[in-house]
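A quick write-up on the structure given underneath.
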Amino acid sequence: KADASIGYPYGTLPRLLLFWLNKEAVQTKSRRIELGRSLAEFMRQLGLDPSRGGTRSDFNRLKDQMNRLFRARISFEQNIEFEGGETNRWLDMQVTSKGELWWDHKKPLQDNLWESWVELGEEFYNALIASPVPVDMRALKSLKRSPLALDLYAWATHKALSVARNGKQQFIPWAFLAEQFGSDYSDPLNFKKKAKAALQKIQAVYPGLKLSIVIGGIIILPTSLPAVPFKPRALD
């Protein structure tokens, strides 16, 4: 039904989908993202298992989260105070504006005659390609069971690049990380414990991330490298 509530995307699958959409948009320079004829092949690109059946199968969960994410809208809002008053700024971005999914979720291994595809919303696409930071899908697949690890990986790839470019180390308090990523943790000490464990997993798959855990937070070192080396642009 058109007026039915689809619900918010949640968990690791929408995060993996966003990473994948980001990668495809940057590589193809196109709002139209081809998902392919085979659901099984698409699932493998996300590190999911297309052969496992049942109500909690990867393809049933993926179907639900794709529907939630592709129809979602991401909003940013900022209140700015100035002498004499304040202003309120916001940006609403539709993740996708249209699409076609031809896959038969009861037969995920079967190829279809037509390609499945989505078209990214214009504002969302522009945000993705404005300042792209490459991520390693292999690393993401190894972190796919932890939403916190995926969130911290995304943050770390951006932060490590900016620190390396600036040439100066940066201290990040645990309180800042908890404010950004710890909404599911009522106990700050529990968040710190989980975040430290997640960062260890991230460093195992992203050895270019150089950081030190110190009292009160972490320090990102300027010797950090991008998660994926930048490819030199071809000369015109």
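A single member of Glu86, Glu41, Glu77, Glu34 is loosely packed, with under 15 Cβ neighbours inside 10 Å and part of a helix (DSSP H, G or I), and it is Glu41. Listed by first and then second residue, the pairs linking a residue in the stretch 61-88 that is among the acidic types (Asp, Glu) to a residue that is open to solvent by 100 Å² or more (accessible area, probe 1.4 Å), with Cβ atoms under 8 Å apart and 6 or more places separating them unless they lie on different chains, are Glu77/Arg89; Glu77/Trp90; Glu86/Asn79. When Glu119, Glu115, Glu123 are checked against the criterion of being of a type in the set (D, E, K, R), modelled with pLDDT under 90, touching a strand residue (DSSP E or B) at 6+ places or on another chain (Cβ under 6 Å) and farther than 30 Å from Ile215 by Cα, a single residue qualifies: Glu115.
Only residues that are modelled with pLDDT of 80 or more and more than 21 Å from Ser142 (Cβ to Cβ) were counted across the stretch 43-60, and they come to 1.
Flag: Gln27 matches the condition of being out of contact with any strand residue (DSSP E or B) (no Cβ under 6 Å at 6 or more places or on another chain) and either surrounded by 10 or more Cβ atoms within 10 Å (Cβ to Cβ) or under 26 Å from Tyr125 (Cβ atoms) (or both).
Residues that are in a loop (DSSP other than H, G, I, E, B), open to solvent by less than 70 Å² (accessible area, probe 1.4 Å) and of a type in the set (A, V, I, L, M, F, W, C) were ranked within the stretch 107-137; the one that is farthest from Lys159 (Cα to Cα) is Val135. The residues listed here are Leu152, Leu140; of these, the one that is under 25 Å from Leu13 (Cα atoms), part of a helix (DSSP H, G or I) and free of Cβ contacts under 8 Å to residues at least 60 places away in the same chain is Leu152. When you check Leu161 against the structure, is it under 30 Å from Arg32 (Cα atoms), in contact with a Pro (Cβ under 7 Å, 6 or more places away or on another chain) and part of a helix (DSSP H, G or I), yes or no? When the stated conditions are applied, Leu161 passes them. Considered as a group, the residues in the stretch 53-74 that are among the basic types (Lys, Arg) and outside any strand (DSSP E or B) include one that is surrounded by the most Cβ atoms within 10 Å (Cβ to Cβ), and that residue is Arg68. For the stretch 170-214, a residue qualifies if it is surrounded by 14 or more Cβ atoms within 10 Å (Cβ to Cβ), part of a helix (DSSP H, G or I) and hydrophobic (A, V, I, L, M, F, W, C), and the qualifying residues are Trp174, Ala175, Leu177, Ala178, Phe181, Phe191, Ala195, Ala198, Leu199, Ile202, Val205. Just so you know, in the stretch 89-102 the residues that are over 30 Å from Phe59 (Cβ atoms) and not aromatic (Phe, Trp, Tyr) include one that is surrounded by the fewest Cβ atoms within 10 Å (Cβ to Cβ), and it is Arg89. Within the stretch 90-106, being without any contact (Cβ under 8 Å) to a residue 24 or more places away in the chain and not in a loop (DSSP other than H, G, I, E, B) holds for Trp90, Lys98, Glu100.
The values are calculated or read from the model by the stated rules, or taken from the named source; none is laboratory data. These numbers were taken from a predicted model, which means no experiment stands behind them. Positions of Cβ are generated from backbone atoms using ideal geometry, with glycine treated the same way; all protein chains shown enter the neighbour counts. With ligands, DNA and RNA removed, areas are computed over all heavy atoms of the protein, side chains included. Shrake-Rupley method; radii C 1.70, N 1.55, O 1.52, S 1.80 Å.
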